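Accompanying notes for the structure given below.
The values are calculated or read from the model by the stated rules, or taken from the named source; none is laboratory data. All values derive from a computational prediction rather than experimental measurement. Here the Cβ is made from the backbone with ideal geometry for all residues, glycine too, and neighbour counts use every protein chain on show. Keep in mind that these areas ignore ligands, DNA and RNA; they rest on the heavy atoms of the full protein, side chains included. Shrake-Rupley method; radii C 1.70, N 1.55, O 1.52, S 1.80 Å.
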Amino acid sequence: MESGIEHLLFIYALQNAVKHDAPPKAGTVIGTVLGKHPEFRSRAREIGPLAGKAVAEVAGMSAAERKSRLEEIAPELLAELSETHEHVRELPALEGAENGVVMRFAPNPSGPLHLGHARASILNDYYVRRYGGRYVLRIEDTDPRRVDPEAYEMVQEDVAWLGLGITDIVYQSDRLDIYYDWCRKLIELGGAYVCVCDSERFRELKLKGKSCPCRDLTVEENLELWQKMLDGEFYEGDATVRVKTDLAHPDPAMRDYSAMRIVNTPLHPRVDATVFPLMNFSVAVDDHLLGITHVIRGKDHIANTRRQRYIFDYFGWKPPVYRHYGRMGISGVILSTSGMREGIQSGLYTGWDDIHLGTLRAIARRGIEAEAVRNAMTDIGIGETDISFSWENLYARNKELVDPKANRYFFVPDPVEVTVEGAPPHEAHAALHPGDPSRGARVLTTAGRVLLPRADIEGRSMVRLKDLYNIRIVWDGDEPHVSYAGDSLEEARNEKAPIIQWLPADTKMPCTLLQQDGSLEGFCEPLVAGERDNVVQFERIGFARIDSVEDGRVSAYFAHR
């Protein structure tokens, strides 16, 4: 591991500590580094121990020492803190949280995390930070049909990128013996039974509010059937453990729901087992045993909360405090994991970070920072009203973060190469960042041969080339004839001439700007090649992340305006 990553972890640990006037959190520091330097994301596991070392070093410093050290080695990060205009919403208080909380984020490892996961994970993280306590990452992998072996690592990479303050990691597949033990206890209490009825026959009876014959078996008979399930004497579909509920419940889905079932294929990638708990049983057991105090999740889980309360009631456990937020509709990207996988396999998408997808890694590839996602989700909050996700709010939050950092460059899409008749040689000095003169300027020299964006000159009689001079345009059909029209900015304003970007015809680099609705081909300044993995602003076009520079060509992903 390069000393460079150790330095980054240290300075961002310092920044985090100065910002919050508290010891830094390793997860947040890792997330910041991976968000700003995605080239290290594939090595997230290696970074963990180094982050711990950096956090420990910073934690041992006084507040004054932290600020002084940050000012000494990374003054720009200290400046970010003094200039920030970030406003984070204050979310409603949680009942019974005064002495700390234990929250959990519980994704299924079926693929990488997407924007839907971000809301739950960030809201839970918000309250752990607010009240203090533990934050459990619980990998819910007890359905072999929904497990992608590669997703175990992807989920943790995405968690690190988000900067979640995870304190404990639990794999449900490691806890099968625990679930088996509590299932046996539930049967012994008379709260569950083993059903060997045909599934269609059971469904018919359930809809009518009638019990199946298995419901009346004795505890001893049920325990014998349960042991046969564990011993492999039943196959998939032959036997199911059901929780006894109210057969007269107005919602048929609440009646005698399944707690354990047999899955013979596919084989689980982590454990040699065929009996697995269903979500409502394992979640209830884990929430109790892991000491979860508060659960924040969507309204689509309200029925699951009711099902899980049966387990708590049977065992006499105190349930967590539940908060259910409204549905969040997300348009413009693909969120279905199965749909994404099929598209990747068919070649429709280039991978899990394809910009048409709603995965966090796709968002990151476009140049959206983790902190922007966090702020946007906190803005949405935990209200019960259904909402539509606002891309514009996310972009505004991201602009707050990238605008002070992004260098400015020219990109000319669909270029027209022209000679500016009568133009003397000119040397344009364009600021790398208008708000930070210390960064200097780009120098663009032309003797009159320039590239202009076709869409910005069509139908125009006069335009001003930014930081250069004015030109007049006479059209001969589709062909522009261009002449020098002086340097006066006031004259350009009087004629309401638009200011457009341009490039010297002999100093340019091919560039593809990839957008969700198609790609723009054109040329950019050669200096852009040195901005790989950074977000820049292509003037008059928008912010973009420079993804790669290969064979003399820049590939960039459009973020937003």
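Count of segment 346-404 residues, restricted to those that are β-branched (Val, Ile, Thr), closer than 22 Å to Leu514 by Cβ and without any contact (Cβ under 8 Å) to a residue 60 or more places away in the chain, is 1. A search for C-beta distances below 6 Å between a residue of segment 176-194 that is open to solvent by less than 10 Å² (accessible area, probe 1.4 Å) and any residue that is polar (S, T, N, Q), counting only pairs 6+ apart in sequence or on different chains, returns Tyr179/Ser282; Ile187/Asn222; Tyr193/Asn222; Val194/Asn222. Condition check for Glu458 on (1) open to solvent by less than 30 Å² (accessible area, probe 1.4 Å); (2) out of contact with any strand residue (DSSP E or B) (no Cβ under 8 Å at 6 or more places or on another chain): one failure, at (1).
Residue count for segment 514-561 under the criterion of being under 19 Å from Asn398 (Cα atoms) and under 26 Å from the mean Cα position of the chain (by Cα): the result is 24. In segment 411-461, the residue that is farthest from the chain's Cα centre (by Cα) out of those that are over 27 Å from Asp476 (Cα atoms) and assigned to a loop (DSSP other than H, G, I, E, B) is Gly440. Screening Leu176, Leu205, Leu225 for residues that are under 39 Å from the mean Cα position of the chain (by Cα) and in a helix (DSSP H, G or I) leaves exactly one candidate, Leu176.
Out of segment 392-410, which residues are of a type in the set (Ser, Thr, Tyr) and outside any helix (DSSP H, G or I)? Once the filter is applied, which keeps residues that are of a type in the set (Ser, Thr, Tyr) and outside any helix (DSSP H, G or I), segment 392-410 yields only Tyr409. Residues that are aromatic (Phe, Trp, Tyr), crowded, with 18+ Cβ neighbours inside 10 Å and not in a helix (DSSP H, G or I) within segment 263-318 comprise just one, Phe276. Contact map, segment 149-164: residues that are acidic (Asp, Glu) paired with residues that are modelled with pLDDT of 95 or more, Cβ distance under 6 Å, separation 6+ or inter-chain. Pairs shown: Asp158/Pro112; Asp158/Leu113; Asp158/Leu360. For segment 341-369, the tally of residues that are touching a Leu at 6+ places or on another chain (Cβ under 8 Å), closer than 25 Å to Val33 by Cα, assigned to a loop (DSSP other than H, G, I, E, B) and not hydrophobic (A, V, I, L, M, F, W, C) stands at 2. Scoring Leu465 on the criteria (1) open to solvent by 40 Å² or more (accessible area, probe 1.4 Å); (2) within 17 Å of Tyr409 (Cβ to Cβ); (3) not small (Gly, Ala, Ser) leaves a single failure, condition (1).
Tell me which helices (runs of 4 or more DSSP H) are completely within segment 16-123 and hold 1 or more residues being at pLDDT 85 or above and of a type in the set (Gly, Ala, Ser), or say none if there are none. So the answer is 44-59. When Gly329, Gly347 are checked against the criterion of being out of contact with any Cys (no Cβ under 9 Å at 6 or more places or on another chain), more than 30 Å from Leu465 (Cα to Cα) and open to solvent by less than 40 Å² (accessible area, probe 1.4 Å), Gly329 stands alone in meeting it.
Say whether the condition of being within 30 Å of Val333 (Cα to Cα) and either open to solvent by less than 60 Å² (accessible area, probe 1.4 Å) or in contact with a His (Cβ under 9 Å, 6 or more places away or on another chain) (or both) is met by at least one residue in segment 480-493. No - not one qualifying residue is present in segment 480-493. The listed residues are Leu394, Leu335, and the only one of them that is within 30 Å of Gly542 (Cα to Cα), among the aliphatic types (A, V, I, L, M) and surrounded by fewer than 16 Cβ atoms within 10 Å (Cβ to Cβ) turns out to be Leu335. Is there a residue in segment 141-160 that is in a strand (DSSP E or B), among the charged types (D, E, K, R), within 20 Å of Ser282 (Cβ to Cβ) and open to solvent by 10 Å² or more (accessible area, probe 1.4 Å)? Scanning segment 141-160 turns up no residue that is in a strand (DSSP E or B), among the charged types (D, E, K, R), within 20 Å of Ser282 (Cβ to Cβ) and open to solvent by 10 Å² or more (accessible area, probe 1.4 Å).
Considering segment 274-324 alone, what residues qualify as being out of contact with any His (no Cβ under 7 Å at 6 or more places or on another chain), of a type in the set (A, V, I, L, M) and over 20 Å from Arg242 (Cβ atoms)? Leu289, Leu290, Ile292, Val295, Ile296 - these are the residues of segment 274-324 that are out of contact with any His (no Cβ under 7 Å at 6 or more places or on another chain), of a type in the set (A, V, I, L, M) and over 20 Å from Arg242 (Cβ atoms). Total residues in segment 185-202 satisfying the condition of being in contact with a Leu (Cβ under 9 Å, 6 or more places away or on another chain) and part of a helix (DSSP H, G or I): the figure is 2. Among residues of segment 212-256 being open to solvent by less than 50 Å² (accessible area, probe 1.4 Å) and among the small types (Gly, Ala, Ser), the one that is farthest from Leu278 (Cα to Cα) is Gly232.
So is Tyr135 open to solvent by 10 Å² or more (accessible area, probe 1.4 Å), of a type in the set (Phe, Trp, Tyr) and within 23 Å of Arg45 (Cα to Cα) or not? When the stated conditions are applied, Tyr135 does not pass them.
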